[in-house]
Amino acid sequence: QVIHISGTLDWAEVEQQAAALPAGLQAYYRAYPYLHERMGAAFRAADLVLARAGASMLGEGPAFGLPAVLVPYPYAWRYQKVNADYLADRGAGIRLNDEDMGEQLGPLLLDLLGDEKQLATMSAAARALDIPDAPARIAQVLVDLAGGKQA
């Protein structure tokens with residue numbers, strides 16, 4: 001099953017493309033402009049995520065143990081490349097440049113989805129990057145910076 005979260009900018013086009021899929025494929029394709037409170041459920045159900053390499057993927061990917069194909073947004077300076085490389089260098093993701101998507105995306109996804117061992121290895125690498133107590137650590141730093149005074 002494919003869960004496609006597109007945002008609203010091109011939503012009409014996404015709906016048209018979804019409606020044009022053969023009936024057999026439509027049964028496995030779900031498009032949403034946003035998932036908001038259901039995003040955690042989507043991440044828990046995912047075997048693999050294809051996403052831009054924004055900062056949220058550095059936290060969400062590891063928190064859910066998600067193997068990732070990360071496509072840095074080419075107009076976001078270079079921080080998304082740095083984010084994608086961070087996960088890729090640690091075995092949790094694969095960086096795919098935007099200009100290579102047309103040629104490489106399909107074969108890459110098919111290879112990954114057909115290789116449970118590689119997905120499991122990438123998932124374990126992602127989980128190893130998770131810092132479950134990060135909110136408590138950040139709160140403690142803020143308390144310390146405030147001179148130990150808690151609200």
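What follows draws every value from the coordinates through simple rules; no lab data is involved. The structure displayed is predicted, hence computed values, not measured ones. Glycine also receives a Cβ, built like all others from the backbone with ideal geometry; neighbour counts cover every protein chain displayed.
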>> Are there helices (runs of 4 or more DSSP H) fully within segment 1-98 with at least 2 residues that are more than 24 Å from residue 127 (Cα to Cα), charged (D, E, K, R) and free of Cβ contacts under 8 Å to residues at least 40 places away in the same chain? List them.
In response: 11-20
>> Which count do you get for residues in segment 99-118 that are of a type in the set (D, E, K, R) and outside any helix (DSSP H, G or I)?
In response: 1
> Within segment 65-87, which residues are touching a helix residue (DSSP H, G or I) at 6+ places or on another chain (Cβ under 7 Å), surrounded by 17 or more Cβ atoms within 10 Å (Cβ to Cβ) and not β-branched (Val, Ile, Thr)?
Replying inline: 65, 66, 67, 68, 70, 72, 83, 86, 87
>> Going through 106, 102, 91 one at a time, which residue ends up being within 16 Å of the chain's Cα centre (by Cα) and over 12 Å from residue 52 (Cβ atoms)?
In response: 91
